[in-house]
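Comments concern the structure below.
Values in this text are rule-based calculations from the coordinates and carry no lab data. This is a predicted model, so every value here is computed, not measured. As a convention, Cβ positions derive from the backbone with ideal geometry for all residues, glycine included, and neighbour counts pool all protein chains shown.
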Amino acid sequence: MRLIVSKNSNNHRIPAVSHRKPSFFKRFLPLFLVIGSVFLLFAFAALRQPPPAEEKPPVAQLVDTVTVSQESLVYSITSQGTVEPRTETTVVPEVAGKIVELSPVFVAGGFFQAGEVLLQIDPSDYQAALTSAEASLASAQAQVAEERARVEQARKDWENLHGPIGGSGKQPNTLVLREPQLAQAEANVKAMQAALQRAQRDMQRTKISLPYAGLVKERQVDLGQYVSPGTALGTTFAIDVAEVRLPLTENDLDYVQLPETIRSGDQQQFTPVTLTSSSNRGQQSWDARIVRTEGVVDATTRVTYAVAVVDDPYGLLGTSRSTPLRVGTFVNAEIEGVSAYDVIALPRSSLREDGTILIADSDNKLDVREVVIDRATPASVYIRAGLEPGERVITTAIAAAIPGSPLRIYGDDASQQSSDDLSQLVSEDTGSAETGSDISQAEESFETDEADVTSTTQQQASVEQTPASLN
């Protein structure tokens, strides 16, 4: 570059700039560098040897197992129901009158003995009727005695005039001997006796009692109230026996033997039942027995009701009870069923939807086994055939059960070694991931270098354009 001085009209010198173009090699040197870098990168990538592929063993699944064994047991059937009294009475009077006396036990929850008077209706009118009936009977009996005397006198008068009655002579008729009059008098006596009995019963009915020991459920009248025959006085129930109606499905009936009906003179074997109920004080239980079934299938629910009874549920008749079984209590029932022999009991979770069982064989490989089910409940399943004692049944849920898959048994010593192998495989996978990360970082570095070269080329072009703009 050289400086040329020129003169203008004002004799001022103005420097002039001259520019010489760079050579071809200098202009395309950055491009050559980029192309060379890319070529070297791909060459190194092609010459890199891939790591040898290692065949990874299949990962064994950790499962829990139970070793099975045969046993003999007695099935139990569960049901539920509400305690109800066997005998319940709506107390109504048979005579009319005003209530003049109430027993202290004639209240809701009151206990009474058989024959104990609960209330009394005013007996004055019925006492008068009883006295009148007794007088009428006495009068009728006197009339009978009088007629009998007249009959005897008529017989004697006939025999004095005509000879003995029943002989060959003339015989008197019944009117002469006054037999119809005597029969009428005797009939009046019977009528008066019936009237007296009716008056006595009415007198007794003014005192209301029941033929059983029980409890008062509710009382609907009070002292001084006038009642008539049919008026509800209250409700009571007997406490000698309580009943529980237990619904049983058709499947339940296959595993329990129940008495059908009760017939006079039958000696039946009743089915034992345990009733339980839970409260804040814990769980209470009572012994009961099934005495009959209702003999029909409910058309709505398709169940059969078995009736269980509990003697002396309140413990007021001599039975020792820590907790009374109150009427209205909801109880759960466990019914003793039939016996089963040589069955295998398993948790219900071990039974799959298709009715198969998963087995861990001696080599810790998975096996799918078809079994014969004797009974299945929501909690357990009982196997009659298909399993052998000592086999290990898998209780862990497996989504895709592939026969022959390796297993690790929970609690087995060999499972620890399998766990270490699994950890090593995870570490190798992690190393492979780090190698891939290094390659990615190299590619990112190359992209950064390329961007820097491009930026440098753009700056060079900008410098070249600047002199042209000055010219």
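Details
- Amide H to amide H distances under 5 Å link ILE373 with ARG384, where only residues 5 or more positions off or on other chains count and H is placed in the peptide plane.
- Simple label model, 7 Å out from Cα along Cβ direction - THR301 to SER124, nm: 5.5 nm
- Length gained on full extension, LEU317 to LEU31: 91.5 nm, using 0.36 nm per residue less the C-alpha separation.
- Distance-filtered residues of the range 200-233 - backbone nitrogen under 14 Å, label point 7 angstrom along THR87 Cα→Cβ: 209-216
- Each Lys or Arg adds one and each Asp or Glu subtracts one; over the other residues with Cβ under 15 Å from the Cβ of ILE77, this totals -3.
- Backbone HN-Hα couplings from phi across the range 229-234 [Karplus 6.51/-1.76/1.60, Hz, Gly and Pro as x]: x, x, 6, 6, 9, x
- Residue order, fewest to most beta carbons within 10 Å, for TYR212, TYR305: TYR212, TYR305
- Taken as Cα centroids, the range 203-221 and the range 324-402 sit 55 Å apart, rounded to the nearest whole angstrom.
- Under-5 Å amide H pairs with VAL381, H placed in peptide plane, nonlocal only: LEU346, ARG348
- Globularity index of the range 133-195 is 1.37 (Cα radius of gyration / 2.2 N^0.38 Å, N = number of residues).
- Gain upon complete extension [GLN225, LEU62; 0.36 nm per residue less C-alpha separation]: 50.6 nm
- Cut-off under 5 Å, modelled amide H: who pairs with GLY337 long-range: TYR75, SER76, ILE77
- Once both labels are positioned 7 Å from their Cα atoms along Cα-to-Cβ, the gap between SER139 and GLN283 label points is 7.6 nm.
- Dipole size of the range 93-234 about its Cα centre, with +1 on Lys/Arg Cβ and -1 on Asp/Glu Cβ: approximately 280 debye, rounded to the nearest 20.
- Formal net charge of residues neighbouring LEU161 (Cβ-Cβ distance under 14 Å; K, R +1; D, E -1): +1
- Pairwise label distance in nanometres, TYR410 with SER103, each label 7 Å out on the Cα-Cβ vector: 6.3 nm
- Taking Cβ atoms as reference points and 13 Å as the exclusive limit, the residues near GLY404 contribute a net charge of -2, counting Lys and Arg as +1 and Asp and Glu as -1.
- The reciprocal of the average 1/r between distinct C-alpha atoms defines the Kirkwood hydrodynamic radius, which for the range 71-186 equals 21.9 Å.
- Förster radius 56 Å - calculated FRET efficiency between LYS190 and GLU334, Cβ distance, rounded to 0.05: 0.35
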